[in-house]
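Structure record follows, encoded as structure tokens.
The values are calculated or read from the model by the stated rules, or taken from the named source; none is laboratory data. Because the structure is a prediction, the values reported are computed rather than measured. Here the Cβ is made from the backbone with ideal geometry for all residues, glycine too, and neighbour counts use every protein chain on show.
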DNA sequence: GTCTATACAATGATAGAC
DNA sequence: GTCTATCATTGTATAGAC
């Protein structure tokens, strides 16, 4: 360790170096916040993991709290983009609802650490954590599902007796179960086949047609 | 404040005083753990809220971690009792499943702070928090729902094409949505009428009979 | 922009008197 | 069993050199 000379550092342009440090800090923060929790996470460990020093963190983010906010804002942007893609998809209501669930399932699976951090902050203590509006998550998801259900009712695919808000609740419940499964270490995640079967269960309740017992899928 | 004399303290038997201190500490701990989170909660504030001093806490529980464990163990016992009551209930599968959901909904609503603490620890960081087996919660709930579904299939009330495990997932999802609603401050809780409608949606998918569109309830 | 070195408050836990 | 007083450690954040 002692033999490593500082001049061995790869030279980069100042602007690149800047973005590099920010990125390293953000990624390190997600890791430490996830492992220790926001409150128990120390800036010491974060800068250590990022390979920078404390003043660098305070230069770029100002405080530990605003570092967390930056992490969450980036995650929120990505979530909103995925949500938008889901609603615009073509197909039957069934297909579109399954697509939304599948997309979110994949999105969560690919970003388990940051999702876990967001989850902890959302359901976490009111004092100590920064105020961050997570309700947009729920609201956007609910609005998307309701939109698809209403479209399905307009085409006659879904019975008018089912309240779109109720269907949205069930769908959000299913997404919640699947999401929380890979949120907690030690519980094996559920696969997409299971999701398809479970959603089929919900659809055959909310939708007009119904399979006979033992009848093959297609 | 200064004029309050120590001899104004109500005299109690030693054993009573003992239980009194333990109880005060447990209740204070739930409040502070809930408001600040386990990591950010200080033993100073806990003993202040309980009206005792630090050595009293360490005498009764040994550490902050074991105090949290004591809180969770008490909650786990109550949860297990409610779960057992739910499964033993008589009636149709529909009625029994609704009863389980309603009971849990009420139980969570009555104990929001401790449920929030348990939730945070379960989904919280792996380091720093004490190891506590929460998977029994999920497992007991899943086992209970599956049992009821299998009973319903045996009597012909529920179609054999529905996998009990899948139905359990949906039911757990619904319970999750309703529970998380009053877990987070600022979101209005859902009522029992909504729960009944939402479960009806699920049942009419999993169960054999199906209402015609627009047909009245009974 | 990034470093070394440090200020300063708060923490969990304990010793020892009563 | 409960107290007062205190310890060692760790926390966030900053001053000032480069």
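One line per residue, one yes/no per condition, for (1) over 22 Å from residue B:185 (Cα atoms); (2) more than 16 Å from DNA strand D (Cβ to nearest atom):
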{"residue": "A:74", "(1), (2)": "yes, yes"}
{"residue": "A:82", "(1), (2)": "yes, yes"}
{"residue": "A:87", "(1), (2)": "yes, yes"}
{"residue": "A:103", "(1), (2)": "yes, yes"}
{"residue": "A:109", "(1), (2)": "yes, yes"}
{"residue": "A:125", "(1), (2)": "no, no"}
{"residue": "A:135", "(1), (2)": "no, yes"}
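One residue stands out among those in region B:54-81 that are within 14 Å of chain A (Cβ to nearest Cβ) and within 8 Å of DNA strand C (Cβ to nearest atom): the one that is surrounded by the fewest Cβ atoms within 10 Å (Cβ to Cβ), which is B:65. Evaluation of residue B:95 against the conditions (1) surrounded by fewer than 14 Cβ atoms within 10 Å (Cβ to Cβ); (2) more than 12 Å from DNA strand D (Cβ to nearest atom); (3) at pLDDT 95 or above shows that the sole unmet condition is (3). Close Cβ contacts (under 6 Å, 6 or more residues apart or on different chains) running from residues in region B:47-61 that are closer than 13 Å to residue B:29 by Cα to residues that are near DNA strand C (Cβ under 8 Å from one of its atoms) and part of a loop (DSSP other than H, G, I, E, B) comprise B:47/B:53.
Of everything listed in (1) within 12 Å of chain B (Cβ to nearest Cβ); (2) out of contact with any helix residue (DSSP H, G or I) (no Cβ under 8 Å at 6 or more places or on another chain); (3) over 25 Å from residue A:43 (Cβ atoms), the single unmet condition for residue A:84 is (1). So which residues in region B:154-170 are in contact (Cβ under 8 Å) with a residue 40 or more places away in the chain and either more than 11 Å from chain A (Cβ to nearest Cβ) or in a strand (DSSP E or B) (or both)? Within region B:154-170, B:155, B:157, B:158 meet the criteria.
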